[in-house]
1. Among ALA84, ASN280, GLY356, flag the residue with its Cα farthest along the positive direction of the charge dipole of the range 14-453, charges on Cβ as +1 for Lys/Arg and -1 for Asp/Glu.
2. With 10 angstrom as the radius, rank GLU332, GLU279 by how many other C-beta atoms surround their C-beta, starting from the fewest.
3. Given a Förster distance of 35 angstrom, what is the FRET efficiency for PHE172 paired with ARG409, based on the Cβ-Cβ distance and rounded to 0.05?
4. Residue by residue through the range 102-117, what is 3J(HN,Hα) from phi via Karplus (6.51 cos²θ - 1.76 cosθ + 1.60, θ = phi - 60°)? Round to whole Hz and write x for glycine and proline.
5. Evaluate the Debye formula for the range 301-391 with equal point scatterers sitting on the alpha carbons, no solvent, and hand back log10 of I(q)/I(0) at q = 0.11, 0.14, 0.19, 0.21 Å⁻¹, in q order, two decimals.
6. Along the charge dipole of the range 14-453, which of PRO420, GLY109, ILE160 sits closest to the positive end, that is, farthest toward it, with unit charges on the beta carbon of Lys, Arg, Asp and Glu (+1, +1, -1, -1)?
7. Show the residues, 5+ positions off or on another chain, whose built amide H is closer than 5 Å to the amide H of HIS226.
8. Given charges of +1 on the Cβ of Lys and Arg and -1 on the Cβ of Asp and Glu, with all other atoms neutral, how large is the dipole of the range 14-453 about its Cα centre, in debye to the nearest 20?
Amino acid sequence: MSKDEYLITDVPLKALTVFAMPMILGSFFQQVYNMADSIIVGQFVGSSALAAVGACAALTNVFICVALGAGVGAGVLVSRYFGARDYSKMKTIVSTSLISFLILSILLGLFGFCFSHPMMSLLQTPADILDEAVLYLRVYFVGFPFLFMYNILSTMFTSIGESKIPLGLLIFSSVLNIIMDLWMVAGLGLGVFGAALATLIAQGISAVFSFVIFFYRMRQYKSPFHWFDGQELHYMLRIAIPSVLQQSTVSIGMMIVQAVVNPFGTQALAGYSATMRVENVFSLIFVSIGNAVSPYVSQNLGAQKIGRIKKGYHAALVLDLCFAVLAFIIIETLHTQISSLFLGKDGTAFAYQVSGDYMRWLGYFFIFMGIKMATDGVLRGLGIMRPFLIANMVNLAIRLSVALIFAPRFGIAFVWLAVPAGWLANFLISYAALRKSWPDDRIAASCNGCMDSAETKK
């Protein structure tokens with residue numbers, strides 16, 4: 001057995017931990033990467049500039065989620081072919097997805113650049129920060145193809161069981177982004193524009209390095225392949241489109257929630273933006289565990305080692321519990337200090353109150369997110385996308401309805417009070433679907449048969 005095949009050979013808890021930890025650390029550095037702009041702008045420019053950067057976050061997340069969802073479709077197939085040792089099909093999927101999604105990223109970047117001002121106006125961005133928010137957003141979209149391709153390549157690395165290389169690249173990119181932020185914002189005084197430019201440069205360099213390393217990694221699998229295959233693209237899109245719809249729709253929902261927050265004023269937005277960054281840090285830990293579960297399941301399904309799938313799911317729940325307890329302890333003891341990282345001395349008492357109330361409430365419920373992400377990860381790995389999509393839509397509907405109906409009437413706290421209920425509902429629906437769909441040998445054979453039939457139709 002190759003050392004790359006540890007997901008289908010090692011003890012499930014050990015294999016998943018070894019695989020997931022670099023992804024968790026990578027998520028942390030990804031958030032450091034994302035938060036650098038907010039922290040440095042908040043400290044050296046002011047809370048209004050922080051609000052301007054934060055106002056863009058919900059919108060940029062929509063476009064990022066398109067990249068992440070697109071990567072899911074390719075990643076599931078790459079993992080399955082890798083587990084089956086069909087390297088020819090694996091390389092064909094890799095090439096097809098990179099070409100297709102590069103074109104898509106360029107088109108999305110052009111769209112975002114041209115319509116930045118109308119989109120931010122539609123979100124009721126406060127007038128005093130609108131111009132700065134639009135400027136930040138336009139620079140961001142110039143670098144969007146780099147960000148898009150980096151996320152796709154990271155998914156490719158993890159799909160073949162390689163999670164350490166994306167971690168190394170993220171650490172490098174995060175450090176570079178922080179250095180560039182400090183130089184351009186604090187040193188050159190470029191404000192919001194400098195923060196956006198620093199991110200663009202770091203993203204570009206990271207994407208180029210990712211491509212070069214992955215290209216040389218693929219050369220070790222000596223198999224003929226097609227640069228582009230329409231049939232494989234079709235099969236990939238059957239998995240990717242529901243994931244894109246799910247992830248982007250949830251982000252659109254969060255964007256609508258932010259539109260509810262915006263009328264409460266710049267300081268409320270600053271406090272909300274600060275905690276959203278913190279929520280993303282801890283959320284991505286659980287997202288990473290769920291993302292680790294998907295290639296684990298796909299590889300074992302491809303290798304027809306069905307008994308390992310349920311064991312891997314239970315191992316993921318153990319990891320989720322450990323990190324949920326850690327998140328609670330950190331937030332309970334350090335929530336004020338964490339808020340001050342973003343808000344600085346310019347933050348008002350109201351901004352700190354919004355940030356602290358939101359943060360402490362979520363600290364009790366991260367385990368709900370953890371079990372939902374692990375369950376969704378199994379469904380993705382099995383290629384079962386419809387209940388996964390439905391569950392996440394219900395999650396979104398709960399969060400949106402409470403925020404839209406109650407927050408304008410009873411206060412900003414209703415923006416986040418329903419979040420745990422949404423996470424719990426998501427898990428219950430996904431788990432009900434999973435119990436009906438636990439794989440057996442028949443399902444494994446049918447999954448491999450689907451891929452084989454796609455090949456014979458060419």
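1. Farthest towards the positive pole: ALA84.
2. GLU332, GLU279
3. Given R0 = 35 Å and the Cβ-Cβ separation, E is 0.15.
4. These are the phi-based 3J(HN,Hα) values: 5, 4, 4, 5, 5, 5, 5, x, 5, 4, x, 4, 6, 10, 4, 5 Hz.
5. Debye output, listed in q order: -0.49, -0.67, -0.89, -0.97.
6. ILE160
7. Those lying under 5 Å, H to H, from HIS226 are THR92.
8. 1380 debye
Computed from the coordinates by the stated procedures, all read-outs in this text should not be read as laboratory data. On a predicted model such as this, the values are computed, not experimentally measured, just so you know. FYI the Cβ positions are ideal-geometry reconstructions off the backbone, even for glycines, and counts take in every protein chain you see.
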